[in-house]
Amino acid sequence: DDSLYRQFGGKAGIEHVIDDFYDSMLDDPRTKSYFDGAPIARIEKKLNEQFCVLLGGPCVYTGRSMKRAHEGLDIDHAAFSAAIDDLRKAMDKNHVPVDAQKKLLAKLTPMARDIQERP
Ligand code: HEM
């Protein structure tokens, strides 16, 4: 079922959301320092694949596990919730319907277990 994928506007829609999400995280004092020297182009590519899969689109995720990718970054609760906040803003900006937003967030928030390394 690709209805959620279509509500996000397919590949192009997801790309716009992720562009704005990343711009926002790189500008956000709560998150930006984590990305010093990070491979932004790679992250964006992998994130596009991952969101596409989570939304039921015709994609394959070729990146690392969330645990491996974020190991040693020392991400805390404040940074994780700031990222969720930035994503929400990016989805609003791109007019993703609120019920579709909630469905993606419900898949992402439990990932805190693998991404966050301290309270
Ligand atoms: C649900 C939330 C998140 C998701 C779905 C997510 C997803 C991803 C993905 C797909 C990658 C690339 C994996 C790969 O290279 O194979 C990545 C890498 C990365 N993420 Fe996240 N991420 C999340 C939260 C965060 C947060 C909160 C931060 C910091 C504030 C963060 C910082 C990073 C950094 C710095 C990298 C690059 C690591 C490296 O290659 O050295 N992420 N993330």
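The values are calculated or read from the model by the stated rules, or taken from the named source; none is laboratory data. What you see is a predicted model, and the numbers here were worked out from it, not measured in a lab. Cβ: placed from backbone, ideal geometry, glycine included. Neighbour counts: every protein chain shown. Each accessible area value is taken on the protein alone, full model and side chains, heavy atoms only, with ligands, DNA and RNA left out. Shrake-Rupley method; radii C 1.70, N 1.55, O 1.52, S 1.80 Å.
Given only helices, namely DSSP H runs of n ≥ 4 each adding -39500 (n - 2.57), what is the per-residue ellipticity at 222 nm of the chain, to the nearest 500 deg cm²/dmol?
-19000 deg cm²/dmol
Through the Karplus equation 6.51 cos²θ - 1.76 cosθ + 1.60, θ set to phi - 60°, convert the phi angles of the stretch 91-97 into ³J(HN,Hα) values in whole Hz; use x for Gly and Pro.
5, 4, 4, 9, 6, 6, x
Per residue and in Å³, how big is the convex hull formed by the alpha-carbon atoms of the chain?
Value for the chain: 96 Å³ per residue.
I'd like the accessible area for Glu71, computed on protein heavy atoms only with a 1.4 Å probe and all protein chains in place. Round to 10 Å², please.
Looks like 100 Å² after rounding.
With 19 Å as the limit, write out which pairs from Lys32/Lys103; Lys11/Lys103; Lys11/Lys93; Lys32/Lys89 have Cα-Cα distances beyond it, or answer none.
Listed pairs above 19 Å: Lys32/Lys103.
Which chymotrypsin sites (Phe, Trp or Tyr not before Pro) in the stretch 1-74 pass both tests, a DSSP loop state and at most 11 other beta-carbon atoms within 10 Å?
Answer in residue order: no site qualifies.
Please turn the phi angles of the stretch 18-23 into ³J(HN,Hα) values with the Karplus equation 6.51 cos²θ - 1.76 cosθ + 1.60 (θ = phi - 60°), one per residue in order, whole Hz, x for glycine and proline.
Result, ordered by residue: 5, 4, 5, 4, 5, 3 Hz.
Just tell me the longest site-free run in the chain, where the sites are trypsin sites (Lys or Arg not before Pro) in a DSSP loop having at most 16 other beta-carbon atoms within 10 Å.
After excluding every exposed loop site, the longest remaining stretch is 65-119.
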